[in-house]
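The values are calculated or read from the model by the stated rules, or taken from the named source; none is laboratory data. The model shown is predicted, which means the values in this text are computed figures rather than measured ones. Cβ atoms come from the backbone with ideal geometry, glycine included; neighbour counts cover every protein chain shown. SASA here: full protein model, heavy atoms, side chains in, ligands and nucleic acids out. Shrake-Rupley method; radii C 1.70, N 1.55, O 1.52, S 1.80 Å.
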Number of protein chains: 2
Amino acid sequence: MAMKALSKATIYQVAQLADVSIATVSRALRDSDLVTAETRERVRSAARELNFTPSRPARSLAEGRHAANGIVFPDLIGPYYAEVVLGYEATAAASGSSVLILATNGRPDAAAAVRELAGRVDGLTVMGRTVDDEVVAGIASTGLPVVLLARDPVDGVDTVRAGNSGTARALAEHLVGHGHRTLTFLGDPDESPDVAGRYAGVRAGSKGARLTLVRGKGLDLDSGRRAAEQLLTRAKPDAVICANDEVALGVLLAASEQGLRVPEDLAVTGWDDLLAARFAGLTTVRQPMRELGATAARWLNRRIDENSSEQNRTAARRRILATELVIRQSCGVHEEVRS
Amino acid sequence: MAMKALSKATIYQVAQLADVSIATVSRALRDSDLVTAETRERVRSAARELNFTPSRPARSLAEGRHAANGIVFPDLIGPYYAEVVLGYEATAAASGSSVLILATNGRPDAAAAVRELAGRVDGLTVMGRTVDDEVVAGIASTGLPVVLLARDPVDGVDTVRAGNSGTARALAEHLVGHGHRTLTFLGDPDESPDVAGRYAGVRAGSKGARLTLVRGKGLDLDSGRRAAEQLLTRAKPDAVICANDEVALGVLLAASEQGLRVPEDLAVTGWDDLLAARFAGLTTVRQPMRELGATAARWLNRRIDENSSEQNRTAARRRILATELVIRQSCGVHEEVRS
DNA sequence: TGGTGAAGCGGGTGCGCTCCCAAGTTTCGG
DNA sequence: CCGAAACTTGGGAGCGCACCCGCTTCACCA
């Protein structure tokens, strides 16, 4: 069989080869039952021979839908976002839509990029600190379904997130139960709503102890390490409660450099339960990351269906998924703890 | 200002409102210098008022390009792929194209999904064990630019990968240098070309020791753990060389359960240098993950430009990025090692 | 055997935009 | 003061496909 089509074949060429109209080609290839089995087969083989794939833009234009949805996240650096995105992709793909990703990652033109993305999809998930509420509201007002993930709600927009304050409170109480009296929260509540929620919970759970807030910027390992280098030489907290695991791991590194033993000299906690946390013996909080992504994708799909089937729009939904305290060694000496 | 357009505005409405033709709208919005500043501004404000965003499918159809490219990977579970994808996204976005992702992840219809993806992009990056060479060749023969990542080359297709055998050999030699004489390679060379390359390198470096191959399937933590549970009760190797870090971490877990000390009773090594490896004291190999993704994106872009500018196609390129041995504690007792 | 309806198929329109081509307008130099 | 170059702008032809109509063709029933 000669390999013909090096340049894209169109439906017209298939129609010509199969000696039918393009309407029939369209039907045959889309499994419509309005064509004879014989015709269908003839069309199919013609399509195969020409290596034909329908032009996605043309199809989208005609159908009025993209068959794709997008997700915007600040970064993919930590395993946290990766897991969420993976959960999202799996669910979205299962319902037949492609996934566009966009990492705002300190991009200066984030808002423009998100708007551009919005023009390519049937629905959009926006995670955390990526763009202003104003941008989100603007897109949502277009009628494009939007789901917010790990982010403060916006009027009329669905929101999925993981619980922060409740578990944070439990975490702080656990620390106090260990006898720690000088607590430091390392992280900037202004950096993300998640961090804000965690700090609030920690405050609520720190009764009977002195809590200091150190606004370390950045949520990565090096930020944590640098912040800790300064912090530990100056103050002498019993425990450092970090905004996330990466920061906590950085603190662990800094502590080790300064010869501080964890947890004897210093307790450290994180948030996210990264794989590394397990091996670092880090007490932390587990979030259902995969499930966060999956839920967002599922909700988005429902909205898209709603839109197309002219149903009356249901009210904005909000859900907070449960998080779980994971006690390991870094929070204080226990009788016997192995993960 | 009344919020008009809840339903998508089109270029016609903008044209009408600005009292010009759609051709002029198109020009004005695309920064063509063939329009008066005055006209441009009028069009812009009309577009703003209608909250107009050009339809991406229509534009793609007319331009004959998607302004997007895609990346296919087996999974996003490990931090490995996440980093690569992030590097890819960053570079692709910088050159103005959106990114579509597809995780084949044990999907039964992977080939179909990849073909569908191919119809949505101007270029495609295919990573590791996702689809057969046949599928790749088929897509490439369409004229669509393709770059292979961490995968055995296919005729006429660019390939970027990280070095395996050389560093693997050095790793094995290091192990032998520690005095280990009973080596086990844990991982299935048939699972991925990377694993095959690593095994080959280890074989080359194991002179003077006995090397056993244990074909543990799966490259995740639990696979490693389960494989090790069986392995360690039966055989008693001095050292287990794992196909990647996750497997190695699983082995660490299993060893700890059986009361084996690492590295005194058992040496363990991984591959990838995950964040967790650092905290587990795991000797491993670092790959330039971000750079792998970025290179793929860059090459893809070049190919796309080549295609559109009718240049004569340059020959397929291949590059192997350097990897680096990272010695920590798990490979054997050193005088003094801190990472 | 004429009538009836359903199945199978093709024509043609429209999706929203880009871009070529030509028409209209302004500006200058001779 | 006229004609041509230099700008602006509009008209219109696609881009490739889906889908609404309407025409044919038959099988089937009375």
Inset, instruction - Being within 12 Å of DNA strand C (Cβ to nearest atom) and open to solvent by less than 70 Å² (accessible area, probe 1.4 Å) narrows it down to one of B:Val14, B:Val84, so name that one. - result: B:Val14
Inset, instruction - Would you mind telling me which numbered condition in (1) under 14 Å from the mean Cα position of the chain (by Cα); (2) under 19 Å from A:Ala9 (Cβ atoms) B:Thr104 fails? - result: (2)
Inset, instruction - Quick one: which strands (runs of 3 or more DSSP E) lie wholly within region B:95-200 and hold at least 2 residues that are surrounded by 22 or more Cβ atoms within 10 Å (Cβ to Cβ) and either out of contact with any helix residue (DSSP H, G or I) (no Cβ under 8 Å at 6 or more places or on another chain) or within 14 Å of chain A (Cβ to nearest Cβ) (or both)? - result: B:98-103, B:123-127
Inset, instruction - Please state which of the following conditions B:Val43 fails to meet, knowing it meets all the rest: (1) open to solvent by less than 40 Å² (accessible area, probe 1.4 Å); (2) within 12 Å of chain A (Cβ to nearest Cβ); (3) within 16 Å of DNA strand D (Cβ to nearest atom). - result: (2)
Inset, instruction - Could you give me the residue pairs with C-beta distances under 9 Å whose first residue belongs to region A:48-61 and is farther than 25 Å from B:Glu134 by Cβ and within 10 Å of DNA strand D (Cβ to nearest atom), whose second residue is open to solvent by 60 Å² or more (accessible area, probe 1.4 Å) and of a type in the set (Gly, Ala, Ser) wherever it lies, and which are 6+ apart or on separate chains? - result: A:Pro57/B:Ala62; A:Pro57/B:Gly64
Legend entry - Filter result for A:Val35 (buried (at least 22 other Cβ atoms within 10 Å of the Cβ), outside the structural domain of A:Thr142 (by TED's automatic domain parsing) and within 16 Å of DNA strand D (Cβ to nearest atom)): no
Inset, instruction - Please specify each residue of region B:201-211 satisfying the condition of being in contact with a helix residue (DSSP H, G or I) (Cβ under 7 Å, 6 or more places away or on another chain) and part of a helix (DSSP H, G or I). - result: B:Gly201, B:Val202, B:Ala204, B:Gly205
Inset, instruction - Scan region A:5-32 residue by residue and report those that are more than 14 Å from chain B (Cβ to nearest Cβ), under 38 Å from the mean Cα position of the chain (by Cα) and near DNA strand D (Cβ under 7 Å from one of its atoms). - result: A:Ser26
Legend entry - Identity of the residue in region B:59-81, open to solvent by 40 Å² or more (accessible area, probe 1.4 Å) and among the hydrophobic types (A, V, I, L, M, F, W, C), that ends up nearest to B:Leu29 (Cα to Cα): B:Ala62
Inset, instruction - Filter region B:48-64 down to residues that are more than 9 Å from DNA strand C (Cβ to nearest atom) and more than 9 Å from every other protein chain (Cβ to nearest Cβ), then give me how many there are. - result: 3
Inset, instruction - Would you please name the residue that is nearest to B:Gly179 (Cα to Cα), looking only at residues in region B:239-264 that are among the acidic types (Asp, Glu) and open to solvent by 50 Å² or more (accessible area, probe 1.4 Å)? - result: B:Glu264
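This table checks each residue for (1) out of contact with any strand residue (DSSP E or B) (no Cβ under 8 Å at 6 or more places or on another chain); (2) assigned by TED's automatic domain parsing to the domain that holds A:Ala118.
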{"residue": "A:Asp272", "(1), (2)": "no, no"}
{"residue": "A:Ala277", "(1), (2)": "no, no"}
{"residue": "A:Ala280", "(1), (2)": "yes, no"}
{"residue": "A:Gly293", "(1), (2)": "no, yes"}
{"residue": "A:Arg303", "(1), (2)": "no, yes"}
{"residue": "A:Ala315", "(1), (2)": "yes, no"}
{"residue": "A:Arg318", "(1), (2)": "no, no"}
{"residue": "A:Thr323", "(1), (2)": "no, no"}
{"residue": "A:Val326", "(1), (2)": "no, no"}
